[in-house]
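The values are calculated or read from the model by the stated rules, or taken from the named source; none is laboratory data. Remember, it's a predicted structure, so these values are computed and weren't measured experimentally. Cβ placement follows ideal geometry from the backbone for every residue including glycine, while neighbour counts extend to all protein chains displayed. Surface accessibility is based on the protein's heavy atoms, side chains included, excluding ligands, DNA and RNA. Shrake-Rupley method; radii C 1.70, N 1.55, O 1.52, S 1.80 Å.
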Amino acid sequence: QVQLVESGGGLVQAGGSLRLSCAASGGTFSRYGMGWFRQAPGKEREFVAAITWSGGYTVYADSVKGRFTISRDNAKRTVYLQMNSLKPEDTAVYYCATRSRGNLEVAQSYDYWGQGTQVTVSS
């Protein structure tokens, strides 16, 4: 069993930055790929970014490529999402999740999810 706790969300003006953190407990963190997803009001949950267990491969949604960076620190059992040049359309609840197998960009590949952290970008 893995527990995930996200933090770092908040209210920021367009063009600003935030860094989200996701701390894991339980399980063997270094064996999991990790992903960030987001869900805006009235919309389906969508993929944002993911990273393999080693950190050697990352993948991003087109909408955030060049603005967001995912990273991980296996010693701290934490994955990060650095978000720069934020836009109002980035407003959503952001979730981190662990993935043991399957496509990194697909929510069905992920086993454990955090409760989410709200990110609000004002124009």
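Heavy-atom accessible area per residue, the range 48-120, 1.4 Å probe: how many Å²?
Values: 3550 Å² over 73 residues.
On a per-residue basis, 49 Å².
Kirkwood-type hydrodynamic radius, the chain: 14.1 Å, calculated from all non-identical alpha-carbon pairs. Taking Lys and Arg as +1 and Asp and Glu as -1, the other residues whose beta-carbon sits under 14 Å from that of residue 21 total +2. A crude spin-label estimate for the pair residue 13 and residue 84, with each label 7 Å from Cα along the Cβ direction, gives 1.9 nm.
Amide H to amide H, with H built 1.01 Å from N, residue 33 comes under 5 Å of 53, 99, counting only residues 5 or more places away or on other chains. For the range 12-123, carbon and sulfur atoms together expose 45% of the accessible surface, with a 1.4 angstrom probe and every protein chain in place. Sequentially through the range 39-49, phi angles give Karplus couplings (6.51, -1.76, 1.60; θ = phi - 60°) of 9, 8, x, x, 10, 7, 5, 10, 5, 10, 6 Hz, Gly and Pro residues having no value and appearing as x.
In debye, nearest 20, what is the charge dipole magnitude of the chain about its Cα centre with +1 on Lys and Arg Cβ and -1 on Asp and Glu Cβ, if you could check? Before the final figure, lay out the partial values.
On the way: 13 positive and 9 negative charges, 54 e Å.
Result for the chain is approximately 260 debye, rounded to the nearest 20.
Its Cα centre serving as origin, the range 65-105 has a Cβ charge dipole (Lys and Arg +1, Asp and Glu -1) of approximately 200 debye. Along the range 76-81 the Karplus relation, 6.51 cos²θ - 1.76 cosθ + 1.60 evaluated at θ = phi - 60°, assigns HN-Hα couplings of 9, 6, 9, 10, 10, 9 Hz to successive residues, with x for each Gly and Pro.
For residue 76, the lysines whose Cα comes closer than 26 Å to its Cα, not counting residues fewer than 8 places off in the same chain, are 65. For the range 1-64, applying the loop criterion from DSSP together with a ceiling of 12 other beta carbons within 10 Å to the GluC sites (Glu not before Pro) yields 44. Build a GNM of the chain with springs between Cα atoms under 10 Å apart, and of 72, 101, 45 the one that fluctuates most is 101.
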